[in-house]
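Written below as structure tokens is the structure these notes are about.
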Number of protein chains: 2
Amino acid sequence: MDAVTASIGQGKQDPSAGDGATSSLKDRIARDLGQRILAGTYAQHALLPTEAELCVIYGASRTALRDALLTLSAKGLIEARKRAGTRVRVSSEWNRLDAQVLEWMRDIEPDLDFVRGLIEARLVIEPAAAQLAAKMATSGDLAVIEAAYEAMRIAPEDDLAACLDADVRFHTAILRASRNPVFANLGNMLAAALSFSFRLTTSATANYQQTLSAHGDVLEAIRMRRVDDAHDQMKALIGIASNDLLAVARKGRHQQPAAAAKADTS
Amino acid sequence: MDAVTASIGQGKQDPSAGDGATSSLKDRIARDLGQRILAGTYAQHALLPTEAELCVIYGASRTALRDALLTLSAKGLIEARKRAGTRVRVSSEWNRLDAQVLEWMRDIEPDLDFVRGLIEARLVIEPAAAQLAAKMATSGDLAVIEAAYEAMRIAPEDDLAACLDADVRFHTAILRASRNPVFANLGNMLAAALSFSFRLTTSATANYQQTLSAHGDVLEAIRMRRVDDAHDQMKALIGIASNDLLAVARKGRHQQPAAAAKADTS
DNA sequence: TTAACTAGAATAAATCATACATAATGTTGT
DNA sequence: ACAACATTATGTATGATTTATTCTAGTTAA
């Protein structure tokens with residue numbers, strides 16, 4: 001039992017954390033190694049310690065450790081070769097849109113280039129999804145979107161977690177309502193992007209009402225089947241947040257949590 | 001050694017197939033199981049056979065088999081729970097933009113809903129990427145795009161593999177040139193979409209020259225830094241192919257290989 | 001009788017430990 | 001320079017043990 005062993009969560013802990021499912025050993029190792037790779041602790045092209053060494057480091061059996069490595073391998077983070085060892089792949093090969101990878105990223109210092117990429121992508125994809133949703137959404141889809149909107153409205157402004165959650169649900173519901181499996185699959189990306197937005201944004205509370213009403217406009221456009229309007233409203237909505245955030249990103253390094261604002265983030 | 005064992009490629013075989021790297025046992029099992037899941041042989045929510053049974057089926061050790069299951073798990077295809085067994089997850093949870101998953105899909109009957117989704121997504125993403133590329137591309141990026149374009153020009157019209165490869169390289173290069181890591185990461189999606197297009201398209205050879213010149217227009221717009229033009233030209237280019245393909249998709253079931261046309265596919 | 005709750009057995013994955021196989025890589029000797 | 005050999009780290013195999021969950025049966029309470 002050394003430092004690292006102690007650093008990864010042990011067995012059954014804080015059940016309030018995340019999904020509630022107490023993660024298994026291999027999951028904890030995968031998460032820790034994955035985060036070290038994403039954060040650059042293990043640099044691109046660098047060799048990881050050998051399996052045997054990692055077993056010692058994590059105090060785990062080779063089975064559990066290899067399970068973790070295999071998970072990372074499946075996500076494109078590493079590549080194992082006989083005799084040569086296991087290498088960190090170049091970041092362009094990483095499966096950065098993988099749900100788990102995005103989730104791992106949340107705990108570490110964000111890669112601003114990537115965050116900028118996420119916003120740019122949202123700015124393109126979500127308006128298109130909203131447009132499709134206006135055309136394709138079923139009544140069930142609409143109900144889900146509306147429910148999320150209501151949740152945003154009633155969420156206390158100081159309860160960031162609730163605001164973020166409702167916001168994510170709103171946008172995710174629209175992606176799903178587009179009835180396009182590719183867009184629907186990008187819900188993870190969306191959630192991560194929003195999560196970063198909440199963390200990075202500095203424009204203190206600015207005008208939550210404006211953001212909220214922008215969400216309302218999108219909902220209304222979709223409900224009324226105003227296809228082009230849905231597109232434009234969504235673009236405007238994300239534009240509000242992205243300008244803000246891109247400004248922060250441009251500034252270079254990010255100044256911690258900024259638990260301040262919940263406005264202008266989506 | 002039973003039927004299934006014989007069905008998955010044995011050790012070093014046809015080196016012309018795919019990446020050339022003779023796949024390992026776990027990779028072959030993962031591929032086989034993955035394709036069965038994608039194809040619906042193992043239905044959503046269905047239980048897979050137990051590890052022990054799968055070991056018998058594939059004639060492999062638990063180690064290799066568990067490695068395969070873990071890979072599938074990492075890609076969101078399955079979910080293992082103690083005592084309850086291993087279950088196929090709902091398709092919305094699948095990591096369908098994963099390079100390997102997309103590659104597995106190529107060998108099986110395509111899910112037309114998903115293919116339609118790919119095209120719709122391309123129609124949204126690639127014009128945006130082209131627009132960005134016109135703004136951001138380095139001279140190196142341009143050189144790669146041009147090289148791919150040249151490869152498309154000199155490729156014999158009857159050499160579908162060469163045409164597809166050059167086509168993929170052209171579009172991938174533009175995604176990369178956008179300097180957006182999210183778009184760049186979608187190169188796998190693009191490659192898969194194009195691959196399906198080549199397989200499904202029926203409009204016999206139509207007008208390869210037209211498609212080719214459309215590619216040229218995109219290249220020129222990017223090179224000349226005509227931002228909006230790049231967007232529109234790319235949209236037009238993909239539009240040519242998508243109309244074609246969506247017509248096929250609408251018809252319902254797809255009539256095999258259709259080794260006919262190489263035009264109007266991108 | 002029915003409902004709910006509890007203790008225990010059964011099950012399948014999770015983990016551990018060890019051994020051997022295989023393919024790169026390094027090294028040595030000619 | 002080249003071939004033969006030893007080395008190394010991952011790949012595969014096997015069996016034992018642990019753990020969490022589900023199923024079952026048995027008990028208790030309404």
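The values are calculated or read from the model by the stated rules, or taken from the named source; none is laboratory data. Just so you know, these numbers come straight off a predicted model, no measurement behind them. Heads up, the Cβs are rebuilt from the backbone with ideal geometry, glycines too, and the neighbour counts pull from every protein chain shown.
A few points about this structure:
- Single condition B:P15 does not satisfy, out of (1) surrounded by fewer than 14 Cβ atoms within 10 Å (Cβ to Cβ); (2) more than 14 Å from chain A (Cβ to nearest Cβ); (3) more than 13 Å from DNA strand D (Cβ to nearest atom); (4) at pLDDT 95 or above: (4)
- Those helices (runs of 4 or more DSSP H) of region A:32-115 in which at least 2 residues are surrounded by fewer than 16 Cβ atoms within 10 Å (Cβ to Cβ) and either among the aliphatic types (A, V, I, L, M) or more than 17 Å from the chain's Cα centre (by Cα) (or both), considering only elements entirely within it, cover A:51-58, A:62-74.
- Test: residue in region B:144-165 that is within 14 Å of another protein chain (Cβ to nearest Cβ), at pLDDT 95 or above and under 22 Å from B:L186 (Cβ atoms): yes
- Any chance A:S61 is small (G, A, S) and within 18 Å of A:L38 (Cβ to Cβ): no
- Scanning region B:134-147 for residues that are of a type outside the set (D, E) and surrounded by fewer than 22 Cβ atoms within 10 Å (Cβ to Cβ) returns B:K135, B:M136, B:T138, B:S139, B:G140, B:L142, B:A143, B:V144, B:A147.
- Some residue of region B:22-31 being more than 12 Å from chain A (Cβ to nearest Cβ), more than 14 Å from DNA strand D (Cβ to nearest atom) and either surrounded by fewer than 14 Cβ atoms within 10 Å (Cβ to Cβ) or at pLDDT 95 or above (or both): no
- Counting the residues of region A:33-68 that are within 13 Å of DNA strand C (Cβ to nearest atom) and at negative phi gives 18.
- One residue from A:A46, A:A84 being within 17 Å of B:S24 (Cβ to Cβ) and of a type in the set (G, A, S): A:A84
- Residue in region B:113-132 that is farther than 21 Å from B:N185 by Cα, free of Cβ contacts under 8 Å to residues at least 60 places away in the same chain, within 14 Å of chain A (Cβ to nearest Cβ) and not basic (K, R) present: yes
- Looking across region B:49-59, the residues that are within 15 Å of DNA strand D (Cβ to nearest atom) and away from every other protein chain (no Cβ under 14 Å) come down to B:T50, B:A52, B:E53, B:L54, B:C55, B:V56, B:I57, B:Y58, B:G59.
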